[in-house]
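Enquirer: My structure is below; once you've seen it, I'll send some questions.
The values are calculated or read from the model by the stated rules, or taken from the named source; none is laboratory data. None of the values given here were measured: they were computed from a predicted structure. Glycine also receives a Cβ, built like all others from the backbone with ideal geometry; neighbour counts cover every protein chain displayed. Side chains are part of the model used for accessible areas, which takes the heavy atoms of the whole protein and leaves out ligands, DNA and RNA. Shrake-Rupley method; radii C 1.70, N 1.55, O 1.52, S 1.80 Å.
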Amino acid sequence: MARTLLAPLFLITALCASAETGRDAWLRYAPIDPATARQYHDFPAVVFTPGNSAVLNSARDELVRGVHGMLGRTMRTESALPGENAVLLGTIEQIKLQLPGWEVPTNLSEDGWCATQVRHAGHHCLVITSQTDRGVLYGVFELLRKITLNQPLARWNEHQNPCAPVRMINQWDNLDGSIERGYAGKSIFWENGHIASDLTRVGDYARLMASVGINACAINNVNADPRVITTPYLPELKKVAAAFRPWGVRLVVCIDFSSPKKTGGLDSFDPLDPRVQEFWKSRAEEIYTQIPDFGGFVLKADSEGRLGPSAYGRTHADAANVIAHALKPHGGLLFYRGFVYDHHMDWRNPKNDRARAAYDNFAGLDGKFDQNVVIQIKNGPIDFQVREPASPLFGTLEKTSEAIELQITQEYTGQQRHLCYLVPMWKETLDFDLHARAAGGTPVKALVAENVFHQPHGGFIGVANVGRDTNWLGHHMAMANLYGFGRLAWNPDLSAGQIEAEWAELTFGSDRKVLETVKQMQLASWRVYEDYTGPLGAGGLTDIIGVHYGPGIESSERNGWGQWHRADQQGIGMDRTTATGTGFIGQYSPVVAGRYESLKTCPDELLLFFHHVPYGYRLHSGNTVIQHIYDTHYRGAAEVLDWVSQWKSLKGRVDDQRFEDVLASLEYQAGHAVVWRDAVCQWFLKQSGIPDKRGRAGHYTNRIEAEAMKLDGYESIAINPWETASGGRAVQCVVSNGTGSATVTWQGKPGWFNLHVQYFDENDGISRFRVLVSGQVVDQWDAADVLPSNLPNGHTSTRRTVRGVALRPGDEIQIEGRADAGERACLDYLEIEPAHE
């Protein structure tokens, strides 16, 4: 009987020596407590895999890797059924040949798995099986999750089926290696116009995806470069497919609808033109010749400048079907994005409404799409805002497969610089009953996952955009969103708390204080982010025509992009009622529409999405709209500051590297939350003329404006938009690459103080700062962060806190700045607060 040692020495050594950089994400397989490990003392020492596919080999190797890391044991592999206790990994057909008389599971869908305890020849066997190799791999990952979470295995008998066949990631990577809405470095797939030379990280990513049941990944931007499916690129795509294949992840690419004309040598891309039809047919045939398990295409058309069927007066069904028909013989799917709207809409017409677009474009086409077309619908009707209602289109397409598109990358929710756990947001949409049948019972999760209307290809699509940063998403805590997406795509009935608890323990270990602290922060974070950014469903308070990050309250008004909040001196909110507004509410079923149409029943958190109301309108809470804006913004900023203290209490309980990384992220977020708080409160105070009854908005008793200090080498400048700087102004070095100083004399009582320096860290240079008290340097730093703007504004406004400074009356506090390149060492203000630590 041949025996081989599966885990090679280099792998064992790497596991033992690995640093806590975050690259292992939730697959750390760290050693578990010896007392807990005793429950696994009789775990089999042998694994037998009768099949020999790449996916089954991955399942076998992963089991050995995980057991070695957590239990300190190296499992053996056998080339035949062993005569001892063993773990058996194989498809149902393979296991049947090994265990005659075995009770074959009959309740498994494709990719579903079964774990069962079997006695054979006097020995105990743990069998993990499925209809597919991929399902076996998923079962192994569940086994390892159970060990990590210290769950018993002695009587483990379980089967799981995924809720939907489509569980896919969309990467928005560009061929030059950049990533649209990527906040964690360059692409792991592309560099300099070609597939990356080293695909090791691509394989690692595929492993992460497989561990939560994701079975497909589109690797390029939906604003697609048409070259990606041309003949020279197919050998390159083949390499990515090969890196994905051992983990059961199918390659998908995004396409340009005008490809027949741009790269195919035709004078047309009309979907009804036979030459165009032949183009797509030949493209599909050549791709599948190179990549037989290719998953299909994603298509964005007639949206935000992308060419589409309207160029020829054709419908979206015409566009989708010409491509789907070419994919059908090969088993491929066409994912057609429902994100179609006119971004040149006339904002002056009060009946115009971007929220209507998806329904207006697709509802009338239900039943006209080929069976292998999946309409990819964003969770809300606008564009991944911090709060939106469920898109009414989900409840409308009864004869068409549909998938929900969720944004894992935090485009409008802090861009992975801010902690914002998105699973609670997604759960609100997934659990929302659209009453697509009059009696109800049709939550969004049932429409996309359980095939209420018996369509074959529904599911979940997540925009993830991992990058080359060591921890994948740029913020250790943001990985909970990637994990959570996969878990919900497998089982949308899981709660946000269940998923968070799993992720936290898999990521940080079993220390109760760590887990409780992380849980509190994660589960509160979406609401907290909403508190200090966009209130009551207004949305659009971020800079929507720029980089979608910092505040820009007026950016969504008076332009065609259609994310309007309609704030004026009297009130705020979009009137989307059927009675007096845009009629959007009428796109919902009567039950849902009735709830949103009435001010009495419309939930407060979506009030301004559906109604325009005066600032003095009283919410169900009893608070006025304007006071709610003030209160929530101050509350949200205070809660983030408290997170900093909570995280600091974990020092020594979390490895040093991740502790310091997360602490730095939270301290930055606390400062940026103040930027958001002040910008929104100042803007609405000026617009409404209604003061904050608690006297906070517009009153900063401890703040000294930089332009009010004694300046040398600095000059006062106006900031645009004005609300993103305290008082609307800041100071900058007079001379590029020059120096400046801003000085103030302390006139208060003696004591210990914290100095908050608010400055602008643009991305067009590295300014340098020093803080001096009576000539003594108390802090210095380089403004070297990479924030998404080369201007002083709400995207670049950053806080530096100098703690524990002794001040006496007459002390001179001086801030020195040295400009660099285009960055002029801009300062906003100095805030001095008593030190309480």
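Enquirer: Lys513: which lysines have alpha carbons under 17 Å from its alpha carbon, excluding same-chain residues fewer than 8 sequence positions away?
Expert: List returned: Lys648, Lys651.
Enquirer: Mind checking the log10 I(q)/I(0) for region 434-526 at q = 0.16, 0.23 Å⁻¹? Debye, one equal scatterer per Cα, no solvent, two decimals.
Expert: -0.78, -1.15
Enquirer: From largest to smallest, what semi-axes in whole angstrom does region 380-439 give when each is the square root of 5 times an eigenvalue of its alpha carbon gyration tensor?
Expert: 26, 12, 9
Enquirer: Okay, moving on. Could you give me the percent of Cα pairs per 5 Å distance bin for region 789-837, shortest bin first, beginning at zero and ending with the bin that holds the maximum distance?
Expert: Pair shares across the bins are 4, 14, 22, 22, 15, 12, 8, 3.
Enquirer: For region 222-381, with all protein chains present and a 1.4 Å probe, just round the carbon and sulfur fraction of the accessible area to a whole percent.
Expert: Using a 1.4 Å probe with all protein chains present, region 222-381 comes out at 51 percent carbon and sulfur.
Enquirer: Give the carbon-plus-sulfur fraction of the accessible surface of region 572-706 in %, rounded to a whole number; probe 1.4 Å, heavy atoms of protein chains only.
Expert: Summing carbon and sulfur atoms, their accessible area is 55 percent of the total for region 572-706.
Enquirer: Which value, in Å² rounded to 10, gives the accessible area of Tyr634 with a 1.4 Å probe and all protein chains present?
Expert: 40
Enquirer: Starting from the Cα-Cα distance between Asn85 and Asp42, subtract it from 0.36 nm times their residue separation and give me the gain in nm to one decimal.
Expert: Values: separation 43, 0.36 × 43 = 15.48 nm, distance 0.90 nm.
Here the answer is 14.6 nm.
Enquirer: Report the relative contact order of the chain, percent, no decimals, based on alpha-carbon pairs under 8 angstrom and at least 6 residues apart.
Expert: 9
Enquirer: While we're on this one: So between Asp764 and Lys648, what do we pick up on full extension, going 0.36 nm a residue minus the alpha carbon distance?
Expert: Working: separation 116, 0.36 × 116 = 41.76 nm, distance 3.24 nm.
Answer, rounded to one decimal: 38.5 nm.
Enquirer: Roughly speaking, what is the stretch gain from Ser495 to Asn192, that is 0.36 nm per residue apart minus the C-alpha to C-alpha distance, in nm to one decimal?
Expert: 104.9 nm
Enquirer: Could I have the simple spin-label model distance between His699 and Trp781, label points 7 Å from Cα toward Cβ, reported in nm to one decimal?
Expert: So the label points at His699 and Trp781 sit 3.0 nm apart.
Enquirer: Can you pick out the pairs among Lys96/Lys239; Lys300/Lys328; Lys238/Lys328; Lys351/Lys399; Lys238/Lys281 whose Cα atoms lie more than 26 Å from each other?
Expert: Result: Lys96/Lys239; Lys351/Lys399 exceed 26 Å.
Enquirer: A follow-up question, please. Would you list the P(r) distribution for region 750-808, with all Cα-Cα distances sorted into 10 Å bins from 0 and each bin expressed as a whole %?
Expert: All Cα pairs, binned at 10 Å, distribute as 23, 45, 24, 9 percent.
Enquirer: Using 1/(1 + (r/R0)^6) with R0 = 45 angstrom and r between the beta carbons of Gln657 and Ser774, what's the FRET efficiency to the nearest 0.05?
Expert: 0.75
Enquirer: Compute the distance from the alpha-carbon center of region 249-312 to that of region 192-218, in whole Å.
Expert: Between the Cα centres of region 249-312 and region 192-218 lies a distance of 23 Å.
Enquirer: Per-residue ellipticity at 222 nm for the chain, helices alone: DSSP H runs ≥ 4 residues times -39500 (n - 2.57), over residue total, nearest 500 deg cm²/dmol?
Expert: Calculated from helices alone, the mean residue ellipticity at 222 nm is -9000 deg cm²/dmol.
Enquirer: So for region 203-333, what percent of the C-alpha to C-alpha distances run longer than 27 Å?
Expert: Considering region 203-333, 19 percent of its Cα-Cα pairs are separated by more than 27 Å.
Enquirer: Give me the accessible area of Ser58, 1.4 Å probe, in Å² rounded to the nearest 10.
Expert: The accessible area comes out at roughly 10 Å².
Enquirer: Would you mind getting the accessible area per residue of the chain, heavy atoms of the protein chains only, 1.4 Å probe, in Å²?
Expert: That works out to 36 Å² per residue.
Enquirer: While we're here: Each residue of region 482-499 in turn: what ³J(HN,Hα) in whole Hz from Karplus with 6.51, -1.76, 1.60 and θ = phi - 60°, glycine and Pro shown as x?
Expert: 5, 4, x, 4, x, 5, 5, 5, 7, 8, x, 7, 4, 8, 4, x, 4, 5
Enquirer: Here's a follow-up. At Glu180 and Glu833, where each label point lies 7 Å from the Cα along Cα→Cβ, what is the point-to-point distance in nanometres?
Expert: For the pair Glu180/Glu833, the computed spacing is 4.0 nm.
Enquirer: Regarding region 323-366, what whole-number volume in Å³ per residue does the convex hull of its Cα atoms give? If you can, show how the numbers build up before the last one.
Expert: On the way: hull volume 3.6 nm³, N = 44.
Taking only Cα atoms, region 323-366 has a hull volume of 82 Å³ per residue.
Enquirer: A further question follows. With +1 on each Lys and Arg Cβ and -1 on each Asp and Glu Cβ, and nothing else charged, work out how big the dipole of the chain is about its Cα centre, in Debye to the nearest 20.
Expert: Result for the chain is approximately 1140 debye, rounded to the nearest 20.
Enquirer: For Glu20, tell me the accessible area in Å² from a 1.4 Å probe, rounded to the nearest 10.
Expert: 60
Enquirer: Could you compute the FRET efficiency for Ala638 and Trp722, with r as their C-beta to C-beta distance and R0 at 22 Å, rounded to 0.05?
Expert: 0.35
Enquirer: Compute log10 of I(q)/I(0) for the chain with the Debye formula, placing one identical point scatterer on every Cα and leaving out solvent, at q = 0.06, 0.09 Å⁻¹, to two decimals.
Expert: Normalising to I(0) and taking log10 leaves -0.43, -0.95.
Enquirer: Let me have the relative contact order for region 433-476, percent, based on Cα pairs under 8 Å that are six or more residues apart.
Expert: Working: 28 pairs, mean separation 8.2, N = 44.
It rounds to 19 percent for region 433-476.
Enquirer: At 7 Å along Cα-to-Cβ for each site, give me the label-to-label distance between Glu93 and Asn107 in nm.
Expert: 2.5
Enquirer: Please list Arg576, Arg227 from largest to smallest accessible area, probe radius 1.4 Å, with all protein chains kept in place.
Expert: Sorted by accessible area, descending: Arg227, Arg576.
Enquirer: Still on this model: Give a residue-ordered list of calculated ³J(HN,Hα) values for region 357-367 (Karplus: 6.51 cos²θ - 1.76 cosθ + 1.60, θ = phi - 60°; whole Hz; x for Gly, Pro).
Expert: 4, 4, 4, 4, 7, 10, 4, x, 9, 4, x
Enquirer: Could you go through region 127-138 in sequence order and give the Karplus-derived ³J(HN,Hα) for each residue, using 6.51 cos²θ - 1.76 cosθ + 1.60 with θ = phi - 60°, rounded to whole Hz, and x for Gly and Pro?
Expert: Those phi angles translate into 9, 10, 9, 6, 5, 10, 4, 4, x, 4, 4, 5 Hz.
Enquirer: By the scheme Lys and Arg +1, Asp and Glu -1, what is the net charge of all other residues having a beta-carbon under 13 Å from that of Thr400? Don't skip to the end; give the middle numbers.
Expert: Numbers: positive: Lys368, Lys399; negative: Asp366, Asp370, Glu398, Glu402.
Around Thr400, the surrounding residues sum to -2.
Enquirer: For His620 and Trp347, what does the FRET efficiency come to when R0 = 41 Å and r is the distance between their Cβ atoms, rounded to the nearest 0.05?
Expert: 0.85
Enquirer: Suppose every Lys and Arg Cβ carries +1 and every Asp and Glu Cβ carries -1, with no other charges. What dipole size does region 103-146 come out with about its Cα centre, to the nearest 20 debye?
Expert: Value, rounded to 20: 220 debye.
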